[in-house]
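Notes for the one structure printed next.
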Amino acid sequence: MSTANVTAFRRTAGPAVDRRRVTQGRVMRSEWIKLWSLRSTVYTLVAAVGTMIGAGMLLCAFMAAQAALPGSPHQALFDPAGAGLRGVSLAQLAVGVLGVLLVTAEYSTGMIRATLSAVPRRLPVLWAKAGVFTVVAAVLMIAASFTAFLGGQAVLGERGTTLAADGVARAVAGAGLYLTVVGLLGVGLGFILRNTAGAVAALFGLLLVLPTLGEVLPADWGRRVVPYLPSNAGQVIMSVRPAPGELAPWTGFAIFCGYAAVTIVVAAVLLKRRDA
């Protein structure tokens, strides 16, 4: 082969090799495409945003009507910011399921084998799924949280509050952050259990069942344990004025993020050790 031919070959071969190289950015782009190729993505996100906004405004209307009754006990306990964010309790179900499906849908169809064959180091797949989900969930859920709050305050009228009030902006933004971390818990559990039903059951057990069980603990144990349960710790960031015995807002949210981080770390270890 002549020198000119060798030089031409190197010029054409170099970029071709580079196009085949697996990078974290390319894996994230692939996961972005896969995320939006699932019909469940659109359905669950619409459900999460719709319930966040709709339930918040509906509960604001109900609580405003109750608080307006003469001598109603709701007048003293009325929390206008909290009323607008009540949809979180329903939205977390949809967001958590989406986090699980982002992983388990590939395991159920066998597509995970193709994914891990294309990315043999495996962990970039986990980081990509978690990263893409975090961006999408954070943007949409924070936007939905502010929309629900503003819509709720419009329904409440003069009984409402504003973002400038002490602790309100943090509570509203915190609702969106809480929902994002709920979904990350779902992503981690999806990798750990590799089964949709099992991961969804485990997620809802952590978020819904554990607090109920905590209520039956002896009072002394309850004061020490209940504030540190996942959803109790995470949801305190949505409280404008945390109740006595609750953790500080950012402390509780940090603990909740710690639960999600532990789940992701366990998922990373198992992903490296298991067969697809």
Subject >> Flag if Val200 is more than 19 Å from the chain's Cα centre (by Cα) and crowded, with 16+ Cβ neighbours inside 10 Å >> reply: no
Original post:
Among the residues of segment 1-34, which ones are modelled with pLDDT of 90 or more and either touching a Cys at 6+ places or on another chain (Cβ under 9 Å) or of a type in the set (A, V, I, L, M) (or both)?
Top reply: Val27, Met28, Ile33
Original post:
Only one of (1) open to solvent by 50 Å² or more (accessible area, probe 1.4 Å); (2) touching a Leu at 6+ places or on another chain (Cβ under 8 Å) is not met by Val155, so which one is it?
Top reply: (2)
**OP:** Just give me the residues in segment 218-240 being without any contact (Cβ under 8 Å) to a residue 24 or more places away in the chain and either part of a loop (DSSP other than H, G, I, E, B) or over 16 Å from the mean Cα position of the chain (by Cα) (or both), in sequence order.
**Re:** Pro218, Ala219, Asp220, Trp221, Gly222, Arg223, Arg224, Val225, Val226, Leu229
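The values are calculated or read from the model by the stated rules, or taken from the named source; none is laboratory data. Because the structure is predicted, anything quoted here is derived from the model rather than measured. No Cβ is skipped: glycine too gets one built from the backbone with ideal geometry, and neighbour counts run over all protein chains shown. With ligands, DNA and RNA removed, areas are computed over all heavy atoms of the protein, side chains included. Shrake-Rupley method; radii C 1.70, N 1.55, O 1.52, S 1.80 Å.
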